[in-house]
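Only one structure is covered here, and it is reproduced in the block below.
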Amino acid sequence: MSDINILAIFYAFSGGALWLLGSLSFLGVNRVNARADKWLGVFYCILACTFTQLFLEGFGIGGSFLIHLLELPRWAMLPCLYMAVNYYVSPSLPKKDWLLHFVPFLLFLLFSLVYLMPNLFHKENHLPELPPWIGFIVRYFFFGQMVYYWIACFALLRRHQKNLKMVASFTEKIDLEWLRYLLISVLFLIFIRILSISNIHVTYYSPILYFLGIILLAYSTLTQKSIYAIETYQPAENDEIAPKKTLNERLSTEQVDELKYTVLRKTVDEKLYLDPSLTLSVLSDKIGISTHELSYVLNNGLGKNFYQFINELRTEEAKLLLLSEDTKHLDMFGVAIRAGFNSKTTFYTTFKKATKLTPKEYIKANSEAT
């Protein structure tokens, strides 16, 4: 048995892991987002077909028909990942024209049935010969599709994480950070695929490299966190632009200043920022204005998004608590909770950004000053 055949065993490991991961995701083991998990499960199963095909080719097993069947769904792989990411970042928003993403796959399926399948069964094909550019597209379209859909998926995730700070004062459980690591793992697999075309060394070790990438994929998927109450305050896709365009005609500068004073008075005087689950919609209800108006006032009146506005107030509260004799018995996480933070990470990050000091350094600096 040759060295390449021995390394091809890793294709079997990768394929087996992906079939298992795809089945678990499709069945909704994580119970986070059923539709997103199903799309992700289909993506993994199609990817499993690819590695199963590579394994069979590496060992010379299976006929050409089986190899071709495993290759057929490949053009649907990245659109399935895109649909999964779409449902993760916006579970309840309708996905218009989703079928358009699968048009290339349907065309390839038709092309395969008409032009490729008859050749596998040694049947004569009397259809007209296709121009050379069709063959070029069939050969290289998948590479362009991989890059395009990866960029599209990453853009969806970035927009989601950016929008969170427009509407939420906490992000740890809803920022889909695990999905970023999943996309990085997919990018790793794409790089291996592209490099293996031109580099013989990468080609030789690609089965092991692919397997490492699959382990990263599995880890990212199985460590995903639940999303809590995101649907109640998720903005529309154009929320960042719409308020500046439409509300500018509705709110004058005087009205913005007046609302800004109302927002500050209500939030600070009643210490609404101490609620760790505070969101844009909750605060807008307490103040008595719409979420769009509140977002507009924060952005244009205070020059801050919701995340910055609330966590800066919590930082000021934390400063008082850190120097208070009444809270000396609390550890840092206790101080964070009392100040309204629901995460130690957010507390440390926000506090250091505002003061250029860690909480302990802040206590020490003020102790020395007194």
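The values are calculated or read from the model by the stated rules, or taken from the named source; none is laboratory data. Since we're looking at a predicted model, the values are computed, not measured. Quick reminder, even Gly has a Cβ in these numbers, built from the backbone with ideal geometry, and neighbours come from all protein chains shown. These area figures cover heavy atoms from the full protein model, side chains too; ligands, DNA and RNA do not enter into them. Shrake-Rupley method; radii C 1.70, N 1.55, O 1.52, S 1.80 Å.
Miscellaneous remarks
- The dipole here belongs to the chain: it is taken about the Cα centre, uses +1 on the Cβ of Lys and Arg and -1 on the Cβ of Asp and Glu, and is about 220 debye.
- Approximate shape of the stretch 36-80 as ellipsoid semi-axes (Cα gyration tensor, √5λ), whole Å, largest first: 22, 10, 7
- Gaussian network model of the chain, Cα within-10 Å springs - most flexible of H201, H160, H101: H201
- Folded to 0 to 90 degrees: helix 34-59 orientation relative to the chain principal axis, Cα: 40 degrees
- Sequence-separation-based contact order of the chain, relative, with Cα cut under 8 Å and 6+ spacing, percent: 15 percent
- Mean residue ellipticity, 222 nm, helices only, the chain: the sum of -39500 (n - 2.57) across DSSP H runs of n ≥ 4, divided by residue count and rounded to 500, is -21500 deg cm²/dmol.
- Computed over the chain with a Gaussian network model linking Cα atoms closer than 10 Å, the most mobile of S252, S23, S112 is S252.
- Remark on the chain: hydrodynamic radius 24.3 angstrom, per the Kirkwood mean of 1/r across alpha carbon pairs.
- Flagged links, alpha-carbon separation over 19 Å, of K319/K344; K173/K328; K165/K356; K266/K304: K173/K328; K165/K356
- For the chain, the longest principal axis of the alpha carbon atoms and the long axis of helix 306-323 meet at an angle near 50°.
- Residue-normalised accessible area of the stretch 313-370, given per residue in Å² at a 1.4 Å probe: 60 Å²
- To the nearest ten degrees, helix 200-222 and the longest principal axis of the Cα atoms of the chain are 50 degrees apart.
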